[in-house]
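Read the structure below first, then the notes.
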Number of protein chains: 2
Amino acid sequence: MAVVGAGMTAFGEHFALGLKDLLPMAFSECAASVDKGLDKSDLQGAWFGAMGTADGFPAGILADSLGLPDLPVTRVENSCATGNDAIRNALFGVASGAFDVALVMGADKLRDTTSRDMLWEWEAMARDYPLGVVSPAGFALHVRRYLHESPATREHLAMIAVKNHRHGVQNTKARLRFEITVEQALAAPIVVTPFGLYDCAPQSDGAAALVLAAEEVVDRFTDRPVWIRGVGLGLDSVMHQHKSDMTTMPATVRAAKQAFSMAGLTPSDVDVAEVHDFFTGIELISYEDLGFAERFGGHKLVEAEVTTIGGGLPVNPSGGLKAKGHPPGATGVAQCVELFAQLRGEAVNQVDGARIGLAHNIGGPTAVAAVTILEGVGNGAS
Amino acid sequence: MAVVGAGMTAFGEHFALGLKDLLPMAFSECAASVDKGLDKSDLQGAWFGAMGTADGFPAGILADSLGLPDLPVTRVENSCATGNDAIRNALFGVASGAFDVALVMGADKLRDTTSRDMLWEWEAMARDYPLGVVSPAGFALHVRRYLHESPATREHLAMIAVKNHRHGVQNTKARLRFEITVEQALAAPIVVTPFGLYDCAPQSDGAAALVLAAEEVVDRFTDRPVWIRGVGLGLDSVMHQHKSDMTTMPATVRAAKQAFSMAGLTPSDVDVAEVHDFFTGIELISYEDLGFAERFGGHKLVEAEVTTIGGGLPVNPSGGLKAKGHPPGATGVAQCVELFAQLRGEAVNQVDGARIGLAHNIGGPTAVAAVTILEGVGNGAS
């Protein structure tokens, strides 16, 4: 199965727009990217990743706003892993033989006082699982312990922020398009130790779209498909007191293992990755959980600029959640929009010769992860 | 693919219980129903239908509360069609070849002031789609017009209430286990014209579970499987002003068409059905949309007692949403729990010789429907 089209809105504070506006914007760009054209009637089924929106019935808004009342739409929600899990479910739909062509969309509308408050309250105060901490604090517990046990320091977190901000400058879809220095990152106000302001990604509004096609019909749409080689979804205990080791996230390890196994690939095959940098320290820990670095060795990749554009394994060439922004339902789908461009040699921050790309989400706060592995035809250089 | 196990909690006001309690209760009954036994490690993937719960991160609660952190769980939400759409997505997962054995669960926890208020507010006040009416009022607009255009009357609605209450008396899982008379139904306080109190189903708490197995592994679990023959999901415009005809629900027509087409069956093949009687008039209209009755002829089935136990096509032998209660995420899955029993000849209100069963949900309020068609080996009689 392949991705034959991809598009997204800019991420940002779209105060005047709702899901009903953002979805058609992302879909239009996606449809226009299909080399041989896409007719709406080609779409047979849809999966819609939406997490915290308060705009109304999500599946219905998608069908309505695209003018496709005949389209069966399933909403998938899996915390911050929603986007890549929507892709995974669409893949199952097509692989089952029920559909040849499926639409995957992800969107969220959080920059609105009411819904933002609801999202935080939901996480901190949920009836059965009262974490008692909002999202940054939940992730900070992991990273604080990680900095204690590993040689990594707050400087390494700052270097990741600097890298992703630099990558984001050229991305017209990114929300924070400015460079920062390590000094600025370290001097920024503390949100929750060890995260300063620049260690955190901005919750945002936005939408993203992909069109998936079964192998038999790919040529109807493009001669330059990007193949989906592997998908994985991993869970872990929700509550922090049930986690035996705060310095690794089993959800990511499980999701990556499934995706690499399905793809028949290993972490060393990956040429470019979009990793869930909701907080800088999560990108760092994820290097290890995804198999890109040895245990407690993630900081070495940062120091050697391996994960910077020009390095051996660029991570978050789009700017990541850090610079691009984070509408949870859209984020995973948007990661694959970036990889679609990368693996066709059309990205703004193009990774030369990129053939294998990996997208990764983690959320809930660290109770679920999803991984998607894509393969393009390569783009010369290398 | 087949259902090899099924179980559910009683539906009701479980004030002292949360999803973390209800899910293991339903799962235990489901696991115990697997003839040759089920080991938790047999489960490779899970789909969880949850709509309006405020208990916390749904997928994580399921994995946590069953003690299965390795299980990849996707939460599906599709308004009141959530349950049957969760089954549909699990079917795609197994049919894709990614899994041999999958768990489907549905649950909701609504009888709690905070979350109940949130659910109603969400529907009436959603940002993009401000219906401005709560759920009973939205459905009433359809039924009022239907009673105006068809020969059906409020007496027919009352007869459906009487039938489903009668069916529910024997069902130990039902919330309202008492009979009523047509006179009582007609004299009850009006909730919203034309619905009196007994035309409405009670929002409730509860959970339900199914285990699905690929054909190749079915005999590891049972010699009496119930096969899934068809699934369908249909959408329609969300807002009432965009509906061209209030007396039929295109979402149901679309879902049924897909499911019957996949099954290679027609409505006349169905022996027993669980139909979404959130309101009595919706069961009536759905007879027509599902193809059980001709246009504006639904009331004839009621008058002739065709849809009562003992009739030609018993509908809602479980008592339906009307008597059983309606935890939206659980409802569709629980319908298939009832059909699993019916198609194995083990139901409390057994339909003699039942071989083909159909489950139907509609919601959003009438913007989405899901249909599942099951086939058993028959059970002698008829």
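The values are calculated or read from the model by the stated rules, or taken from the named source; none is laboratory data. In this text, all values refer to a predicted model and were calculated from it rather than measured experimentally. Positions of Cβ are backbone-derived with ideal geometry, glycine not excepted, and every protein chain shown enters the neighbour counts. These area figures cover heavy atoms from the full protein model, side chains too; ligands, DNA and RNA do not enter into them. Shrake-Rupley method; radii C 1.70, N 1.55, O 1.52, S 1.80 Å.
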query = Can you name the residue in region A:180-206 that is charged (D, E, K, R) and crowded, with 18+ Cβ neighbours inside 10 Å and is also nearest to A:Leu157 (Cα to Cα) among such residues?
reply = A:Asp199
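Is one or more of the residues making up region A:207-215 touching a Ser or Thr at 6+ places or on another chain (Cβ under 6 Å) and surrounded by 20 or more Cβ atoms within 10 Å (Cβ to Cβ)? Working first, answer last.
Of region A:207-215, the ones touching a Ser or Thr at 6+ places or on another chain (Cβ under 6 Å) are A:207.
Next, only the ones that are surrounded by 20 or more Cβ atoms within 10 Å (Cβ to Cβ) stay: A:207.
Among the residues of region A:207-215, at least one is touching a Ser or Thr at 6+ places or on another chain (Cβ under 6 Å) and surrounded by 20 or more Cβ atoms within 10 Å (Cβ to Cβ), which makes the answer yes.
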ask   = Does B:Thr252 satisfy the condition of being in the same structural domain as B:Arg145 (by TED's automatic domain parsing) and part of a loop (DSSP other than H, G, I, E, B)?
value = no
request  = Return the pairs, sorted by first residue and then second, in which the second residue is among the hydroxyl-bearing types (Ser, Thr, Tyr) and in a helix (DSSP H, G or I), the first residue lies in region A:59-76 and is more than 7 Å from chain B (Cβ to nearest Cβ), the beta carbons are less than 9 Å apart, and the residues are 6+ apart or on different chains.
outcome  = A:Leu68/A:Ser41
key: Residues within region A:95-113 that are under 26 Å from A:Ile373 (Cα atoms) and open to solvent by 10 Å² or more (accessible area, probe 1.4 Å), tallied   = 6
message = So, restricting to helices (runs of 4 or more DSSP H) that lie completely within region A:70-160, which ones have at least 3 residues that are modelled with pLDDT under 95 and not hydroxyl-bearing (Ser, Thr, Tyr)?
response = A:113-125, A:135-149
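If you go through region A:54-62 one residue at a time, do you hit one that is surrounded by fewer than 19 Cβ atoms within 10 Å (Cβ to Cβ) and in a loop (DSSP other than H, G, I, E, B)?
Residues of region A:54-62 surrounded by fewer than 19 Cβ atoms within 10 Å (Cβ to Cβ): none.
So far as region A:54-62 goes, no, none of its residues is surrounded by fewer than 19 Cβ atoms within 10 Å (Cβ to Cβ) and in a loop (DSSP other than H, G, I, E, B).
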request  = Would you point out which residue out of B:Ala54, B:Ala90 is more than 7 Å from chain A (Cβ to nearest Cβ), more than 21 Å from A:Ser244 (Cα to Cα) and small (Gly, Ala, Ser)?
outcome  = B:Ala90
task = Pull up region A:227-243, narrow it to residues that are open to solvent by 20 Å² or more (accessible area, probe 1.4 Å) and under 20 Å from A:Ala354 (Cβ atoms), then point me to the one that is farthest from the other protein chains (Cβ to nearest Cβ).
result = A:Trp227
Region B:244-286 - residue that is within 26 Å of A:Phe99 (Cα to Cα) and of a type in the set (Ser, Thr, Tyr) and, of those, nearest to the other protein chains (Cβ to nearest Cβ) = B:Ser261
